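Visitor: Sharing a structure with you now.
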Amino acid sequence: MESISRRGMVGGLVAGGAALTVAGFAPAAEEKVKMPLSFKNADFYAADGTFKAPAAKEAYYELMRSFGYPIPPRLRTDDFWALDFGLGNFLEAGMAGIFWVNHKEHNYFGHEIYLLPGQMIPEHQHVKTAFPPKLEGWQPRYGMISVFGEGEPTPGVAEHIPPMHRQIAKARKMAILKPGETAGLAKAEEWHFMKAGPEGAIVTEYATYHDMAGLRFTHPKAKL
């Protein structure tokens, strides 16, 4: 079982703390893992293929309840959103989120990310526009995530990359983050993505101002 120094994890990703396990999602022996939530991809699409965001939100509320995560009133408003990135395979590539704050003048951003079991955020980067490239870091609150960044590929990484990204992903150095651990981008415009473990995940993101115009995806069909 191989591990990466927390200060050098994921090639361009940086963090501090203990070493990370990168061989898979197996928890330590003393950890108790809940039975994974179970969904069908078809539950989130209409007959014409239209993504059903309300059904997706209900799945995330179920995720929150499974973790005992409080659901404040704002998460019942349109500030809370869910999307499949236009890829038509929500359980493989999708997410929900809320921007708690996105302050242009003072250049800070607070975001909560919600991922169902095994779900990924498609690989992307944040480029310079009228604003500097967004820099960000992540802290799992519940569940665990695999984070992928640029650098020397982790041995066996392909099996951890969902099929639709397996041949095109640029970020192939992987590490696992559990609650209490943090990681972040080490350089501007780094290609990166994350994927939830078998319980799903709720992740806090700390970042500079998020200019949506600077978002670029690897997958040619991915979009917001």
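Visitor: Return the long-range amide H neighbours of residue 142 (sequence gap of 5 or more, or a different chain), with a cut-off of under 5 Å between placed amide H atoms.
Guide: 202
Visitor: Which entries in 178/223; 52/173; 52/170; 134/173; 170/221; 57/221 show an alpha-carbon gap greater than 26 Å?
Guide: Values: 178/223 28 Å; 52/173 33 Å; 52/170 30 Å; 134/173 20 Å; 170/221 16 Å; 57/221 23 Å.
Table pairs above 26 Å Cα-Cα are 178/223; 52/173; 52/170.
Visitor: Taking 0.36 nm per residue of separation and subtracting the Cα-Cα distance, what length does fully extending residue 130 through residue 212 add? Display every interim value, and only then the final one.
Guide: Working: separation 82, 0.36 × 82 = 29.52 nm, distance 1.11 nm.
Additional length available on full extension: 28.4 nm.
Visitor: Output the peptides 150-159, 179-188 sorted from most to least packed, where packing is the average of other Cβ atoms within 10 Å over each peptide's residues.
Guide: 179-188, 150-159
Visitor: Using r as the Cβ-Cβ distance of residue 152 and residue 41, and R0 as 35 Å, what FRET efficiency do you calculate, to the nearest 0.05?
Guide: It comes to 0.55.
Visitor: Additional query: Hey, which aspartates and glutamates would be in cross-link range of residue 104, C-alpha to C-alpha under 12 Å, not counting anything within fewer than 8 residues on its own chain?
Guide: Counting by Cα, and skipping residues close in sequence, residue 104 has these aspartates and glutamates nearby: 211.
Visitor: Could you tell me the distance between the Cα centroids of the range 167-224 and the range 65-111, to the nearest Å?
Guide: Rounded to whole Å, the Cα centres lie 14 Å apart.
Taken together, the values in this text are just the output of simple stated rules run on the coordinates, not laboratory data. Worth saying up front: this structure is predicted, and the values here are computed from it rather than measured. Every residue, glycine among them, receives a Cβ derived from its backbone with ideal geometry; neighbour counts consider all protein chains shown.
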